[in-house]
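Read-outs: derived from the displayed coordinates by stated rules, not from any lab. Predicted, not measured: the structure shown is a model, and the values here were computed from it. So basically every Cβ, Gly included, is an ideal-geometry build from the backbone, and we count neighbours across all protein chains shown.
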Amino acid sequence: MASEDVKRSEGVNKAPSNAVIGICKSLIAGGVAGGVSRTAVAPLERLKILLQVQNPHSIKYNGTVQGLKYIWRTEGFRGLFKGNGANCARIVPNSAVKFFSYEQASKGILYLYRQQTGNDDAQLTPLLRLGAGACAGIIAMSATYPMDMVRGRLTVQTDKSPYQYRGMVHALSTVLRQEGPRALYRGWLPSVIGVVPYVGLNFAVYESLKDWLVKSKPFGIIDNNNSELTVTTRLACGAIAGTMGQTVAYPLDVVRRRMQMVGWKDASSVITGDGRGKAPIEYSGMVDAFKKTVRHEGVGALYKGLVPNSVKVVPSIAIAFVTYEKVKDILGVEFRISD
């Protein structure tokens with residue numbers, strides 16, 4: 001009996017241990033996938049931010065191709081990846097917080113749902129999962145927002161910037177010392193508001209496209225004897241959903257970036273126009289930023305950088321997906337495409 005108790009105890013201890021190891025491996029895989037995919041599209045990501053915040057009175061970047069050529073010519077190869085280190089540095093903690101938050105939010109929402117319906121066997125509906133995902137996205141974004149704010153500044157500074165941030169830690173400490181703790185969360189509100197439609201459309205469009213493809217089987221994409229979507233088809237659905245989601249939420253991203261630059265007294269030449277143009281406009285808040293952007297630059301300014309951002313969606317998703325699968329395979333974690 002004593003021997004059986006020992007075995008039972010070992011089994012109980014082993015299960016949680018294996019679960020923790022599995023979670024850690026998944027988080028590592030997600031972190032590596034995020035870092036690799038972000039690095040692969042880093043030039044487009046930097047150009048997007050430069051287009052979002054550049055001084056309208058001193059235009060340097062007129063489009064995707066011209067913008068990339070200009071960065072290469074003036075800053076070289078390294079210029080294409082400026083700020084990418086800070087961007088990658090927030091991927092791992094962001095993924096970890098998002099994963100944990102989603103699990104906890106799902107459990108809480110499911111508990112309340114079962115209490116309300118009186119059905120102890122009830123499962124989460126797509127709408128409830130959407131709510132849990134939105135909560136996780138908001139929490140993860142809030143937890144790593146200072147890194148995102150600093151990454152934006154590192155991205156836009158050039159060799160002509162009056163003051164140079166030497167890296168993420170130096171930038172964080174400098175902003176904290178010169179502008180105060182609140183400066184690290186400038187643009188947080190539009191980011192929070194933007195998470196909801198972005199995540200909502202991602203889920204809604206992705207699931208709707210999958211259902212339509214399975215039911216209608218257009219262009220012979222799906223065999224009549226098989227209702228499963230291929231990896232390529234799922235990637236295409238994800239790319240379309242991501243593009244639509246980011247297009248709707250994009251104006252909030254532009255406003256967020258511009259608010260992040262407020263208070264930067266040694267702003268980059270991209271923001272000041274090398275001193276030849278007018279100084280950047282100050283914003284008192286999100287609504288004020290919207291109003292002044294539209295008033296001074298037109299509605300189109302709310303979509304500056306949308307093209308390079310859209311171009312990077314497909315390769316970013318594809319690279320992240322493949323990398324995630326490969327890393328999980330290397331770590332010995334079973335890979336399964338969820339339905």
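Taking K and R as +1 and D and E as -1, what net charge do the other residues with C-beta under 9 Å from the C-beta of Lys82 add up to?
+1
Starting from the Cα of Phe77, step 7 Å along the direction of its Cβ; do the same at Gln104; then give the gap between the two resulting points in nm.
Between Phe77 and Gln104, the label points sit 4.3 nm apart.
With a/c under 1.5 counting as rounded, go ahead and sort segment 30-133 into rounded, prolate or oblate using the C-alpha gyration tensor (a ≥ b ≥ c being the square roots of the eigenvalues; past the cut-off, prolate if a/b is larger than b/c, else oblate).
The shape class here is prolate.
Quick check for me: using +1 on Lys/Arg Cβ and -1 on Asp/Glu Cβ, what's the dipole size of segment 21-101 about its Cα centre, in debye to the nearest 20?
That gives segment 21-101 a dipole magnitude of about 80 debye.
Modelling each spin label as a point 7 Å along the Cα-to-Cβ direction, I'd like the Leu331/Asn62 distance in nm, to one decimal.
Label at Leu331, label at Asn62, 4.7 nm between them.
Give me a comma-separated list of calculated 3J(HN,Hα) values for segment 177-187, in order, Karplus coefficients 6.51, -1.76, 1.60 applied at θ = phi - 60°, integers in Hz, x for any Gly or Pro.
6, 8, 10, x, x, 5, 5, 5, 10, 5, x
What is the extension gain from Gln164 to Ile240, computed as 0.36 nm multiplied by their sequence separation minus the C-alpha to C-alpha distance, in nm to one decimal?
Separation in residues times 0.36 nm, less the Cα-Cα distance, equals 23.5 nm.
Starting with the highest mean, order 121-128, 258-265 by the number of other Cβ atoms within 10 Å, averaged over the residues of each peptide.
258-265, 121-128
Between Val294 and Leu176, what is the FRET efficiency for a Förster distance of 51 Å, r being their Cβ-Cβ separation, to the nearest 0.05?
0.95
Residues with beta-carbon under 12 Å from that of Ala183, excluding Ala183: net charge, scoring Lys, Arg +1 and Asp, Glu -1?
Here the count lands on +4.
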